Ligand SMILES: Cc1cc2nc3c(=O)[nH]c(=O)nc-3n(C[C@H](O)[C@H](O)[C@H](O)COP(=O)(O)OP(=O)(O)OC[C@H]3O[C@@H](n4cnc5c(N)ncnc54)[C@H](O)[C@@H]3O)c2cc1C
């Protein structure tokens, strides 16, 4: 197989780049290791509602996300934040009205963030997209790129003029080999970039009624006890079913070992914080991103406490001239880590490639 530009990774950055290239009339192929597109974006349908198990928000001042929603006519709405907040201390004592609504003013999308993945996939030529196809090795010794891929268990070779890795840098460092090898400093630079939110887990609890709203609560809550440490309303734009989600504060290794106990404690926590009606959710779902090796590597199991400063490490920039290009959100200097950063990275690479035609 042969193509001009081989895009690796079918998350938002890879899909957005494919869309740029398609609109420029460029020849490309996109590979995605998993059997679905979206990467860290995952919206799950439960009892007729769409619920975000990965990213849920974008923010004012993020123009590319706003433009994408507008282009595909996906309605955006403000995060629900009407009502009191709830705070739980480390002994389990609950106080109402304490704290601030940390996500007030952020936007969500009707149908979930996954609707941008669906919309982008719908405008791309399906014959140019291969899911369940993993890049394993890159030979860049002869001017053109020779990529070894594993296509659902069958090894294949794809040759290309350029390869764009829209994959978290740490995943590349751990899982893709290069010939000639990248030097030690370049490998270290890839390893040093934390994959934003990759070690996190979300629990979502779905109800037929918005019990917290009915009690004058916004659904925003902080807890020093856990298992959920930060909770928000995750209900659809209009109507039910209604939901709260929480970021899990339990370390990744303990989550894997004590899942059943953690889920039981999560319901007990919701009941303690929001009232006895919360005892019987229609659905209780855990999405543990740390268990997905195409996204989270062992180093990502240590939580990142503050937002890192992102952008393509300087010693990887020269590789662009050799046809090796990096494009995940972590390579975006302004909005790195965020959905907006994935679009920023795709835009930067599309502009670079346009200059090279
Ligand atoms: C729980 C959680 C909550 C978040 N909340 C928000 C939020 O509210 N707002 C926000 O802006 N951002 C949020 N983020 C971050 C946001 O999800 C990311 O910025 C964005 O999705 C990254 O897109 P990407 O395409 O750069 O990378 P990814 O989505 O990681 O895509 C990379 C893709 O590459 C694939 N891949 C990996 N290795 C290979 C290989 N060898 N061959 C082929 N394919 C490969 C992976 O399977 C994956 O699909 C959150 C993330 C998580 C996990």
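The values are calculated or read from the model by the stated rules, or taken from the named source; none is laboratory data. These numbers come from a predicted model, not from an experiment. With ideal geometry, Cβ positions are generated from the backbone for all residues, glycine too; neighbour counts draw on all protein chains shown.
Miscellaneous remarks
- From the options 166, 119, 101, residue that is closer than 30 Å to residue 66 by Cβ, modelled with pLDDT under 95 and surrounded by 18 or more Cβ atoms within 10 Å (Cβ to Cβ): 101
- Considering residues of region 29-54 that are under 18 Å from the mean Cα position of the chain (by Cα) and either surrounded by fewer than 21 Cβ atoms within 10 Å (Cβ to Cβ) or modelled with pLDDT under 95 (or both) only, the residue nearest to the ligand (Cβ to nearest atom): 34
- Leading residue by the ranking (modelled with the lowest pLDDT) among those in region 83-98 that are surrounded by fewer than 14 Cβ atoms within 10 Å (Cβ to Cβ) and touching a strand residue (DSSP E or B) at 6+ places or on another chain (Cβ under 8 Å): 97
- Selection status of residue 21, assigned by TED's automatic domain parsing to the domain that holds residue 328, in contact with a strand residue (DSSP E or B) (Cβ under 7 Å, 6 or more places away or on another chain) and within 14 Å of the ligand (Cβ to nearest atom): no
- Evaluating residue 68 against the criteria (1) away from the ligand (no atom under 16 Å from the Cβ); (2) outside the structural domain of residue 135 (by TED's automatic domain parsing); (3) outside any loop (DSSP other than H, G, I, E, B); (4) over 23 Å from residue 210 (Cα atoms) leaves one unmet condition, (1).
- Selection count, region 298-340, where residues are in contact (Cβ under 8 Å) with a residue 40 or more places away in the chain, in contact with a helix residue (DSSP H, G or I) (Cβ under 7 Å, 6 or more places away or on another chain) and either under 18 Å from residue 196 (Cβ atoms) or part of a helix (DSSP H, G or I) (or both): 19
- Every residue from region 226-255 that is away from the ligand (no atom under 16 Å from the Cβ) and assigned to a helix (DSSP H, G or I): 253, 254
Conditions tested, residue by residue: (1) touching a residue at least 40 places away in the same chain (Cβ under 8 Å); (2) out of contact with any helix residue (DSSP H, G or I) (no Cβ under 7 Å at 6 or more places or on another chain); (3) farther than 22 Å from residue 309 by Cα.
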{"site": "178", "(1), (2), (3)": "yes, yes, yes"}
{"site": "195", "(1), (2), (3)": "yes, no, no"}
{"site": "199", "(1), (2), (3)": "yes, no, no"}
{"site": "237", "(1), (2), (3)": "yes, yes, yes"}
{"site": "243", "(1), (2), (3)": "yes, yes, yes"}
{"site": "257", "(1), (2), (3)": "no, yes, yes"}
{"site": "261", "(1), (2), (3)": "no, yes, yes"}
{"site": "265", "(1), (2), (3)": "no, yes, yes"}
{"site": "274", "(1), (2), (3)": "yes, no, yes"}
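- Tallying residues that are over 21 Å from residue 321 (Cα atoms), away from the ligand (no atom under 14 Å from the Cβ) and in contact with a helix residue (DSSP H, G or I) (Cβ under 9 Å, 6 or more places away or on another chain) within region 130-173 yields 0.
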